[in-house]
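A short worksheet on the structure shown next.
The values are calculated or read from the model by the stated rules, or taken from the named source; none is laboratory data. Since this is a predicted model, take the numbers as computed values, not measurements. Ideal geometry is used to build each Cβ from the backbone, glycine not excepted, and the neighbour counts take in all protein chains shown. The protein model used for the area step is the full one, side chains on, heavy atoms only, and it has no ligands, DNA or RNA in it. Shrake-Rupley method; radii C 1.70, N 1.55, O 1.52, S 1.80 Å.
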Amino acid sequence: MPSDFWFGRSGRDPLIVAHRGGAALAGENTADALHAAARAGADAIETDIRLTKDGALICMHDDDLRRLCGDGRAVSDVDLVTLKRLLPATMTLREALTASGSLGVLLDVKLSDPQHVQRVVDEVTEASATERTMLGLRSLDLIATVRSAKADIAILAFLEEPDSATRARNAGADWFRLWQGAASPERAAIVRHAGLLLAVMVGQPRSIPLPEYPPFPVGLVDGEGLERLRAIGPDAILLDDPRLAAGRFG
């Protein structure tokens, strides 16, 4: 069974997870952000995992470098040395596991090849970080493959369909992600009925929000939004600035 870090949430305040390492506090997915998130009281950090041209597992959200440094190349077309020259604060997975200290680590695995995902699992195991790490996986097949290979790591289902909690549980997930706009009491009840813990990602799944609730892009939230979430009682909340959630869920 996975460790207690990501479990035993019943009756407790939600885990506060610093999205992209704490993107409101320092450069996203950087060691500076992780350290700032720890100082801000986060319980865990979330970071994204991609693969460079030469096979390095690195922490980067986008699939190309355009937004971060104006280079149009895909991350997968650039080797690690070049990437670190363009973006010196880029972390490898191993560096992130070290920089996160004792914080929980949620890895949003942006990889679909099971062999690549197995490398992520292997690095987490070699770093003795299994008990504080949770893998965010984006397909039922990957969830089932990882669960069959490793029983003692937590898995969060990052699925597009908000009503697929039962299928996620059957595949081997422990947690289920709902976007804030989909996080109704009814959907939260479905997730819990499936036997899963609930993580809510604040904002919309886009960098420029559409005119619908919530009126913020991914990672951003206001006091009203947090109060609405408090009524639902999620087991974890992902947001760019963990300071916003401090004291709201006690």
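What the table below lists for this structure:
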| read-out | value |
| --- | --- |
| Tally of residues being in contact with a Ser or Thr (Cβ under 6 Å, 6 or more places away or on another chain) and either under 9 Å from C59 (Cα atoms) or part of a helix (DSSP H, G or I) (or both) across the stretch 77-98 | 4 |
| All positions within the stretch 226-243 that are open to solvent by less than 80 Å² (accessible area, probe 1.4 Å) and either closer than 23 Å to T47 by Cα or among the hydroxyl-bearing types (S, T, Y) (or both) | L226, L229, P234, D235, A236, I237, L238, L239, D240, D241, P242 |
| Lone unmet requirement of (1) under 17 Å from L238 (Cβ atoms); (2) out of contact with any strand residue (DSSP E or B) (no Cβ under 9 Å at 6 or more places or on another chain) for L87 | (1) |
| Pair list, Cβ under 7 Å, 6 or more apart: the stretch 103-127 residue under 15 Å from A56 (Cα atoms) and touching a residue at least 40 places away in the same chain (Cβ under 8 Å), other residue open to solvent by 50 Å² or more (accessible area, probe 1.4 Å) and outside any strand (DSSP E or B) | E123/R94 |
| Answer residue from the stretch 210-225, given it is of a type in the set (G, A, S) and at negative phi and is least open to solvent (accessible area, probe 1.4 Å) among those | G225 |
| Residue in the stretch 129-156 that is nearest to the chain's Cα centre (by Cα), counting only those that are within 16 Å of L15 (Cβ to Cβ) and outside any strand (DSSP E or B) | R132 |
| Hey, E160 closer than 21 Å to E46 by Cα, without any contact (Cβ under 8 Å) to a residue 60 or more places away in the chain, open to solvent by 80 Å² or more (accessible area, probe 1.4 Å) and out of contact with any strand residue (DSSP E or B) (no Cβ under 7 Å at 6 or more places or on another chain) or not | yes |
| Those residues of the stretch 100-123 which are assigned to a loop (DSSP other than H, G, I, E, B) and either open to solvent by 10 Å² or more (accessible area, probe 1.4 Å) or on the phi > 0 side of the Ramachandran plot (or both), in sequence order | G101, S102, L103, K110, L111, S112, D113 |
| Output for the stretch 51-76, where each listed residue is small (G, A, S) and either outside any helix (DSSP H, G or I) or open to solvent by less than 20 Å² (accessible area, probe 1.4 Å) (or both) | G55, A56, G70, G72, A74 |
| The stretch 192-209, subset over 22 Å from V105 (Cβ atoms) and at pLDDT 95 or above, residue surrounded by the most Cβ atoms within 10 Å (Cβ to Cβ) | Q204 |
